[in-house]
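Participant: Following this message is one structure expressed as structure tokens.
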Amino acid sequence: MRVVVTGMGVVSPIGIGVDQFWSAAVNGVSGIKRITSFDASSRRSQIAGEVADFDPSTFLSQKYIEQTDRFTQLALLAARLALEDAGGLDAYESRRIGVSIGSGMGGFSTFESSALRKFRNQPVPPFTVPRTMANSAAAWIAIKHGFKGMNLTSSTACSSGANAIGAALDLLRAGRADVVIAGGAEACVLPLTINGFEILHALTTTSNDNPAGASRPFAKGRDGFVMGEGAGILILEKEEQARSRGAKIYAELAGYGQACDATHIVMPDMEGQIAAMREAIRDAGMEPDSIEYINAHATSTPLGDTVETRAIKNLFGARAADIAISATKSMVGHSIGASAAIGSIATIMALHTGTIHPTINLDEADPECDLDYTPNVAQKRSVRTGLCNAFGFGGNNASILFTTHEGRD
Amino acid sequence: MDTAEIEAKVVQFIATKVENLDASTINRSSKFEELGLDSMDTIQLLFDAEDAFGINFDSEEAKGFSTVGDIVSYIETHQSSAASQ
């Protein structure tokens with residue numbers, strides 16, 4: 001049984017909707033700017049990839065805005081765009097429509113503002129819990145559209161979106177759903193999360209005056225990631241049913257691999273990354289030799305990008321140099337639980353359009369990062385298979401494999 | 001704030017809780033149920049009012065509220081005592 005992608009929706013710092021997002025990505029546009037959602041002037045890291053022109057009142061009533069955290073609002077918009085793109089799901093029975101969403105922090109913005117009120121002895125807003133809970137995005141997608149099937153949330157830090165898409169593949173294969181709305185959402189450009197990642201030395205602090213040049217995966221002298229936010233949603237269906245309703249098919253979701261390091265809570269581990277990629281390829285019934293594109297996890301941390309490079313070289317051997325690689329985070333920053341969902345959309349668009357978006361800010365590569373990362377300028381290259389990597393705190397490594405629909409026959 | 005102003009503010013909060021509700025149809029005797037407010041909407045309404053008027057609803061007393069007038073009267077009474085403290 002094959003699972004195919006029939007709709008996509010994205011809300012990102014470089015565009016809302018796939019057309020805007022992809023056009024900016026291919027042109028190497030940076031969405032990183034100085035933080036506007038709060039006063040970050042006293043922080044060591046003062047920049048982020050915010051979705052600046054996001055206005056929930058364009059698609060939600062005041063009542064729903066009051067009851068939802070920003071991460072849920074981003075997810076609701078991405079889901080709406082994806083459903084429109086898929087042409088609606090009227091052909092399906094509502095109990096057979098599942099939702100599988102990833103988010104690392106859930107409604108952390110609500111948590112932070114409610115906690116602040118509590119510490120000031122002010123009344124806590126009544127929707128604090130339903131807005132904060134990690135499954136609120138998945139729940140609201142179900143409520144807004146009447147999807148009454150399996151409703152799951154993956155919270156595996158930076159790999160949440162990949163795990164949610166992988167879980168959707170499992171649900172479809174197991175026959176627990178006929179269609180799944182899958183992806184990730186995150187909105188944690190917040191004082192506490194910025195501070196929390198700062199204290200771990202995970203964020204870049206040297207580019208406050210040059211935000212567009214701050215996120216520089218694989219580059220010499222990179223010093224950390226840039227916080228981002230956004231949402232990415234895919235509509236996943238069984239091929240047969242998608243065909244029978246006449247849906248357009250972007251790509252096949254062919255494989256999913258997950259592996260836990262079981263070593264350190266925040267440090268990356270090459271073996272776990274290799275295991276996740278290998279499993280995704282095996283799951284698709286393919287061999288490493290057939291992989292032509294990798295949307296790297298590549299957050300722009302000194303250690304992470306080097307370890308991922310080594311993992312790719314170990315798994316693919318001499319062929320690693322021939323694989324086109326790119327880092328979406330160089331333009332949008334790291335949107336934690338949404339990042340792999342947005343990366344998946346970039347992967348699917350690479351397969352669909354035959355264009356690899358660039359890794360920007362890559363003028364001089366780190367000597368230890370010596371693969372083809374598509375530096376600065378997009379490349380026309382027809383690729384039939386693409387892995388999207390996501391490696392998260394907790395030693396969680398996930399990799400998902402998309403193929404052109406024709407590429408597998 | 002006088003009664004009319006309090007009432008206008010409460011009506012405005014209610015109108016954001018229920019989709020497609022015509023605010024001009026809301027008056028002091030309107031019952032929450034009839035307006036389409038569920039229990040969570042009512043809790044949120046009290047929270048909005050606490051923030052806007054700088055008062056605290058006694059939770060036992062608030063359980064007995066069933067109309068717009070109940071809230072407006074409570075605010076009227078407690079607003080003045082809050083101001084005189």
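Bear in mind that the values in this text are calculations on the coordinates, not laboratory data. As the structure is a computational prediction, the values presented were derived from the model and not from experiment. A quick note on method: Cβ atoms are made from the backbone with ideal geometry, for glycine too, and the neighbour counts reach across all protein chains shown.
Participant: Quick check on the protein assembly as shown: helices-only [θ] at 222 nm, where DSSP H runs of length 4 and up contribute -39,500 (n - 2.57) each and the sum goes over total residues. Nearest 500, please.
Facilitator: One gets -11500 deg cm²/dmol as the mean residue ellipticity at 222 nm.
Participant: Let me ask another. In the protein assembly as shown, with Lys and Arg counted as +1 and Asp and Glu as -1 at Cβ, which of these residues, A:113, A:244, B:59, has the Cα nearest the positive end of the dipole, that is, farthest along it?
Facilitator: Toward the positive end, the furthest listed residue is A:244.
Participant: Could you compute the FRET efficiency for residue B:29 and residue A:65, with r as their C-beta to C-beta distance and R0 at 25 Å, rounded to 0.05?
Facilitator: 0.30
Participant: When the C-alpha atoms of chain B are aligned to their principal axes, what extent does each axis show, in angstrom, from largest down?
Facilitator: The principal-axis extents, from largest down, are 40, 26, 20 Å.
Participant: From Cα coordinates alone, what are the radius of gyration and Dmax values for segment A:3-244 in angstrom?
Facilitator: Over segment A:3-244's Cα set, Rg and Dmax evaluate to 18.4, 58 Å.
Participant: How would segment A:245-364 be classified by its alpha-carbon gyration tensor: rounded, prolate or oblate, with rounded meaning a/c under 1.5 and the a/b versus b/c comparison settling the rest?
Facilitator: Taking the square roots of the gyration eigenvalues as a ≥ b ≥ c, segment A:245-364 is rounded.
Participant: Using the Cα centre as the reference, give the magnitude of the dipole from point charges on the C-beta atoms of the protein assembly as shown (Lys, Arg: +1; Asp, Glu: -1; all else neutral), rounded to the nearest 20 debye.
Facilitator: 860
Participant: Students often get this wrong, so check it: of A:118/A:148; A:63/A:329; B:9/B:63; A:118/B:17, which have C-alpha atoms separated by over 29 Å?
Facilitator: A:118/A:148; A:63/A:329
Participant: Say each of residue A:322 and residue A:212 gets a label point 7 Å from the Cα, pointing the same way as Cα to Cβ; how far apart are those two points in nm?
Facilitator: Simple spin-label model gives 3.7 nm for this pair.
Participant: Taking +1 at the Cβ of each Lys and Arg and -1 at the Cβ of each Asp and Glu, which of A:184, B:21, B:3 sits farthest along the dipole of the protein assembly as shown towards its positive end, judged by Cα position relative to the Cα centre?
Facilitator: Of the options given, the answer is A:184.
Participant: Please arrange A:319, A:70 by how many other C-beta atoms lie within 10 Å of their C-beta, fewest to most.
Facilitator: Taking fewest neighbouring Cβ atoms as first place, the list is A:319, A:70.
Participant: For residue A:381 and residue A:243, FRET efficiency with R0 = 22 Å and r from the beta-carbon atoms, rounded to 0.05?
Facilitator: The formula returns an efficiency of 0.20 here.
Participant: Would you be so kind as to identify all helices of chain A, as entire DSSP H runs, whose Cα atoms reach 15 Å or more along the helix's own axis and whose mean Kyte-Doolittle hydropathy is at least -1.0?
Facilitator: What comes out of the filter, once short or polar helices are dropped, is A:70-86, A:108-119, A:160-173, A:270-283, A:302-316, A:339-353.
Participant: Oh, and also: Please list 3J(HN,Hα) in residue order for segment A:230-246, calculated via the Karplus relation 6.51 cos²θ - 1.76 cosθ + 1.60 where θ = phi - 60°; whole Hz, with x for glycine and proline.
Facilitator: My calculation for segment A:230-246 gives x, 8, x, 9, 10, 9, 10, 9, 6, 3, 4, 6, 4, 5, 5, 9, x Hz in order.
Participant: I would also like to ask the following. Taking the alpha-carbon distance from residue A:248 and a cut-off under 14 Å, which aspartates and glutamates remain once sequence neighbours fewer than 8 residues away in the same chain are dropped?
Facilitator: List returned: A:84, A:85, A:237, A:239, A:240, A:406.
Participant: I've got another one for you. Pick from B:25, B:67, B:42 the residue whose mean-square fluctuation is largest in a GNM of chain B, springs joining Cα atoms under 10 Å.
Facilitator: B:25
Participant: Near the amide H of residue A:219, under 5 Å away, which other amide H atoms are found, from residues 5 or more places off or on another chain, if H is placed in the peptide plane?
Facilitator: Hits under the 5 Å cutoff: A:366.
Participant: Need one number: nm distance between label points at residue A:41 and residue A:95, each 7 Å from Cα along Cα→Cβ, rounded to one decimal.
Facilitator: Between residue A:41 and residue A:95, the simple spin-label model gives 5.9 nm.
Participant: Angle between the Cα long axis of helix B:68-84 and the longest principal axis of chain B, 0 to 90 degrees, nearest 10?
Facilitator: That works out to roughly 20 degrees.
Participant: Taking neighbour Cβ counts within 10 Å as the exposure measure, how do A:388, A:188, A:260 sort from fewest upward?
Facilitator: Result, fewest neighbours first: A:260, A:188, A:388.
Participant: Taking 22 Å as R0, compute the FRET efficiency from the Cβ-Cβ separation of residue B:5 and residue A:124 and round it to 0.05.
Facilitator: The value I calculate is 0.25.
Participant: Something else: Report the full-extension gain for the segment residue A:199 to residue A:58: residue separation times 0.36 nm, less the Cα-Cα distance, to one decimal in nm.
Facilitator: 47.1 nm
Participant: Considering only the other residues whose Cβ falls under 11 Å of the Cβ of residue A:270, what net charge follows from Lys and Arg at +1 and Asp and Glu at -1?
Facilitator: -2
Participant: Separate question: Provide the descending list of Cα extents for the protein assembly as shown along its principal axes, expressed in whole angstroms.
Facilitator: 80, 55, 39
Participant: To continue, here is another question. Projected onto the charge dipole of the protein assembly as shown (+1 at Lys/Arg Cβ, -1 at Asp/Glu Cβ, origin at the Cα centre), which of A:51, A:226, A:347 gives the Cα projection farthest towards the positive end?
Facilitator: Projecting each Cα onto the dipole axis, the largest value belongs to A:347.
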